[in-house]
Amino acid sequence: MVPAFPGLRADVTAPPGSDTAAVPGGGVVVGWVLVADEQAVGGARVDPVFLAAGQAWTPDQLRQEHGQHLGVTVGWVG
């Protein structure tokens, strides 16, 4: 994991009408990880690690726990 610079936030997104009551809403990005992905150019991608609901998450972990329909966007808090 590589640390993230301050000021980044991850937000969890879902299609309209999705039940998101039990889904963490996102949080501060604390780092970046390299994830093996055969479908990505070069065989890997870089994903954010963010804090939500008292736990560190990657997008893959969030989708595995709460549903494949979820997305994660990263933006600047400022």
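The values are calculated or read from the model by the stated rules, or taken from the named source; none is laboratory data. Bear in mind that the values here come from a model prediction, so they are computed numbers and not experimental data. To get the accessible areas, we keep the full protein, side chains included, count just its heavy atoms, and leave off ligands, DNA and RNA. Shrake-Rupley method; radii C 1.70, N 1.55, O 1.52, S 1.80 Å.
For the chain, what relative contact order do you get, as a whole percent, if you take Cα pairs closer than 8 Å and at least 6 residues apart?
37 percent
When the helix-only estimate is applied to the chain (DSSP H runs of n ≥ 4, each -39,500 (n - 2.57), divided by the residue count), what is the mean residue ellipticity at 222 nm, nearest 500 deg cm²/dmol?
Theoretical 222 nm ellipticity from helices: -2500 deg cm²/dmol.
Tell me the carbon and sulfur percent of the accessible area for the chain, rounded to whole percent, probe radius 1.4 Å. Write down the numbers at each step before the final one.
On the way: 2800 of 4970 Å².
For the chain, the apolar C and S fraction of the accessible surface comes to 56 percent.
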